[in-house]
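Structure first, commentary second.
No value in this document is a laboratory result; all are computed from the given coordinates. Worth saying up front: this structure is predicted, and the values here are computed from it rather than measured. Cβ coordinates were reconstructed from backbone atoms using ideal geometry, including for glycine residues, and neighbour counts include every protein chain displayed.
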Amino acid sequence: MPQHLQEVRQRKEELIDKAMKAVKDRLTKEIAYWDHRAEQLKDQELAGKGNNRLNSGLARQRADALMARLQKRMDELEQERKLSPLPPVVVGAAMVIPRGLLTRLKGVSAKPDVFAKETAQVEAAAIAAVIEAERQMGFIPKDVSSEKRGYDIESAIPGTGRLRFIEVKGRIQGATTITVTKNEILSCLNKPDDFILAIVQVDGENAVTKYVRCPFHREPDFGVTSVNYEIKKLLEVEPSVK
């Protein structure tokens, strides 16, 4: 706790110092202006040249009000410096147990869709399969998966200047779900005519590729980062296409 308190205090001190400097600079200039204005108006009044809309008394009141406001704000910022730690309060607790462990303890055999992981090898094999499929269809594919654009492959259509945007989901054979990020769904909604979801089921050296157009039809709810979809339902809603 002492280390955390020191880190918080240091950040807070820096913010308060900046705030105090900014407030003091701004209000001091305004106070100086109204002080000077009050003296000017007082001299005019003594010379018989009063201002109906603004007099020296009102100008002085504004200067005094700004002075009080400056002092109040400085006091508030000084109070913010006074940090003190409180005992931590536990508001909840959870025990996380891997489902695989529970399954093994129960003696139940694991299903592929429960424990399948989209490893780097599976993903690489899936992207390679889609690139090869695109070339066979006469397109010019380019792997952009490392650029996090919301899709993995840009595939140029020769002679048109158009691109096919392909998001590749590689899963081991037997898996039943895929996970799609919010960014990928938004890419589909922004490019509905050009976006393709490629579902590739990998079994050793073999890969079965299925294309789905317009797989997503609405933006995820606020705060959602990813959504799980059943492969079977995706293929049923929209037949595989090239």
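Think of the chain as a dipole: +1 on every Lys or Arg Cβ, -1 on every Asp or Glu Cβ, centred on the Cα centre; then among Gly57, Pro158, Ala126, Gly57 lies furthest on the positive end. Taking the Cα centre of the chain as reference, the dipole from Cβ charges on Lys and Arg (+1) and Asp and Glu (-1) amounts to some 620 debye.
Quick check on segment 125-242: take the gyration tensor over C-alpha atoms, sort the square-rooted eigenvalues as a ≥ b ≥ c, and tell me if it's rounded (a/c under 1.5), prolate or oblate.
Working: a/c = 1.60, a/b = 1.12, b/c = 1.43.
Verdict is oblate for segment 125-242.
Each of Leu101 and Arg149 was given a label point 7 Å from its Cα along the Cα-to-Cβ line. The distance between the two points is 4.2 nm.
Can you compute the helix-only [θ] at 222 nm over the chain? Use -39500 (n - 2.57) per DSSP H run of at least 4 residues, normalise by all residues, nearest 500 deg cm²/dmol.
Details: 7 runs with 115 residues, N = 242.
When only DSSP H runs of four or more count, the value is -16000 deg cm²/dmol.
The string of couplings for segment 220-229 from the Karplus curve (6.51, -1.76, 1.60, θ = phi - 60°) is x, 4, 4, x, 7, 9, 7, 9, 8, 10 Hz, one whole number per residue in order, with x for Gly and Pro. Remark: segment 47-63, residue by residue, has Karplus-estimated 3J(HN,Hα) of 8, x, 10, x, 10, 5, 7, 8, 10, 5, x, 5, 4, 5, 4, 5, 4 Hz, where x stands for each Gly or Pro and the curve is 6.51 cos²θ - 1.76 cosθ + 1.60 at θ = phi - 60°.
Each part gets one Cα centre, and for segment 174-238 versus segment 40-103 those centres are 51 Å apart. With the cut-off at under 18 Å, measuring from each backbone N in segment 68-97 to a point 7 Å along the Cα-to-Cβ line of Leu5 picks out 79-90.
Could you list Val89, Val212, Val23 so that the one with the fewest beta carbons within 10 Å of its beta carbon is first and the one with the most is last?
Lowest count first: Val89, Val23, Val212.
Roughly how tilted is helix 2-46, in degrees to the nearest 10 and between 0 and 90, from the longest Cα axis of the chain? Here the helix axis deviates by roughly 40 degrees. When Glu14, Glu132, Glu123, Glu184 are arranged by Cβ crowding within 10 Å, least crowded first, meaning fewest neighbours, the order is Glu14, Glu132, Glu123, Glu184.
Each Lys and Arg Cβ is given +1 and each Asp and Glu Cβ -1; about its Cα centre, segment 108-237 then shows a dipole of about 180 debye. Of the residues Met1, Met20, the one with the fewest other Cβ atoms within 10 Å heads the list, and the complete ranking is Met1, Met20. The charge dipole of segment 174-218, taken about its Cα centre with unit charges on the Cβ atoms of Lys, Arg (+1), Asp and Glu (-1) only, comes to about 260 debye.
Can you give the FRET efficiency for Asn206 and Thr160, using 1/(1 + (r/R0)^6), R0 = 30 Å, r = Cβ-Cβ distance, to the nearest 0.05? Taking R0 as 30 Å, the efficiency between Asn206 and Thr160 is 0.40.
With the simple spin-label model, which puts each label point 7 Å out from Cα in the Cβ direction, the Glu80 to Gln40 separation comes to 3.3 nm.
Less than 5 angstrom separates the built amide H of Asp152 from those of Ile166, Glu167, Val168, all sequence-distant by 5 or more or on a different chain. Amide hydrogen proximity for Thr177: with H placed 1.01 Å from N in the peptide plane, the residues at 5 or more positions away or on another chain lying under 5 Å are Ile231.
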